[in-house]
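See structure below.
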Amino acid sequence: MGSIAALIGAALVGGIAGWVLARAFFAVETERSNEDLIDAARRATLAEVRLAEERTAHQSLIGDHARLVEQYETFKMGLTVDLTDSVMALNGGMPEVIQPPPPTPDIEPPSGDLNSHESNLRSQVANIARRTMDGVSVDDDLQAIRGVGPKINTMLREMGFSSFRQIASLTPDDLSYITEALDSFPGRIERDDWVGSAASLHAEKYGDSD
């Protein structure tokens, strides 16, 4: 009897000890699970905060892009207006680049109120214009020649030059007379290569190099 009671007592003690250990193990596991849940919740909260920050940054980039597009359109419009104004100014206020060509002026002999040098210079230039015209009156856009602007274009036409062929036919001696008549810097016509530029324009327009 004493042995049975001892065995029963030992079994009860062992059962109680096992139950206590099981409860302790369960408590530890429960605590660990709770910590994992808390950590997961914390990570989820941080992820939501970062997502909100990314969304805010994205909206800011969208706003910056819209402002840049608006600035670009404003700049492009201003540049277009400036270019249009410049073209109109170069063409005497007309919006188109190509204007109706003026009539070819008559080549008149020098007037009597000029001194002998001016008379001789004007006569030489008139002879050059007649020679290079070769009996054919052609009206080209002389401003297309490199270095020829509106003012020089008007002066050349008053002298009797109206075609690319005339300018392309000029000799070095001819150029010296025209430089003096235009009151231009010596060597400017040669540096701008009026002869070569006019020859290229003539060939491009008329299909030959004569």
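Looking at THR30, THR80, can you tell me which residue is out of contact with any Gly (no Cβ under 8 Å at 6 or more places or on another chain), modelled with pLDDT under 70 and either outside any helix (DSSP H, G or I) or surrounded by 10 or more Cβ atoms within 10 Å (Cβ to Cβ) (or both)? Please lay out each step first, then the result.
On the way: THR30 fails: modelled with pLDDT under 70.
None of the other options fit; the residue is THR80.
Restricting to region 193-202, what's the tally of residues that are in a helix (DSSP H, G or I) and either surrounded by fewer than 15 Cβ atoms within 10 Å (Cβ to Cβ) or among the polar types (S, T, N, Q) (or both)?
Within region 193-202, the subset in a helix (DSSP H, G or I) is 194-202.
So of that shortlist, the ones also either surrounded by fewer than 15 Cβ atoms within 10 Å (Cβ to Cβ) or among the polar types (S, T, N, Q) (or both) come out as 196-197, 200.
Within region 193-202, residues that are in a helix (DSSP H, G or I) and either surrounded by fewer than 15 Cβ atoms within 10 Å (Cβ to Cβ) or among the polar types (S, T, N, Q) (or both) number 3.
What number goes with the only condition from (1) polar (S, T, N, Q); (2) surrounded by 13 or more Cβ atoms within 10 Å (Cβ to Cβ); (3) under 26 Å from LEU170 (Cα atoms); (4) modelled with pLDDT under 75 that ASN115 does not pass?
Answer for ASN115: the failing condition is (2).
What number of residues within region 176-190 are closer than 19 Å to ALA144 by Cβ and surrounded by fewer than 20 Cβ atoms within 10 Å (Cβ to Cβ)?
If we filter region 176-190 for residues that are closer than 19 Å to ALA144 by Cβ, which is where we start, we get 178, 182, 184, 188-190.
Subsequent filtering for residues that are surrounded by fewer than 20 Cβ atoms within 10 Å (Cβ to Cβ) retains 182, 184, 188, 190.
Counting residues in region 176-190 that are closer than 19 Å to ALA144 by Cβ and surrounded by fewer than 20 Cβ atoms within 10 Å (Cβ to Cβ) gives 4.
Does GLN166 count as at pLDDT 95 or above and not in a loop (DSSP other than H, G, I, E, B)? Break it down stepwise before answering.
Numbers: at pLDDT 95 or above: yes; not in a loop (DSSP other than H, G, I, E, B): yes.
In short, yes.
Quick check, is THR154 in a helix (DSSP H, G or I) and either buried (at least 19 other Cβ atoms within 10 Å of the Cβ) or touching a Phe, Trp or Tyr at 6+ places or on another chain (Cβ under 9 Å) (or both)?
Values: in a helix (DSSP H, G or I): yes; either buried (at least 19 other Cβ atoms within 10 Å of the Cβ) or touching a Phe, Trp or Tyr at 6+ places or on another chain (Cβ under 9 Å) (or both): no.
Considered against the rule, which asks whether it is in a helix (DSSP H, G or I) and either buried (at least 19 other Cβ atoms within 10 Å of the Cβ) or touching a Phe, Trp or Tyr at 6+ places or on another chain (Cβ under 9 Å) (or both), THR154 comes out as no.
The values are calculated or read from the model by the stated rules, or taken from the named source; none is laboratory data. Given the structure is predicted, the values throughout are model-derived calculations rather than measurements. Positions of Cβ are backbone-derived with ideal geometry, glycine not excepted, and every protein chain shown enters the neighbour counts.
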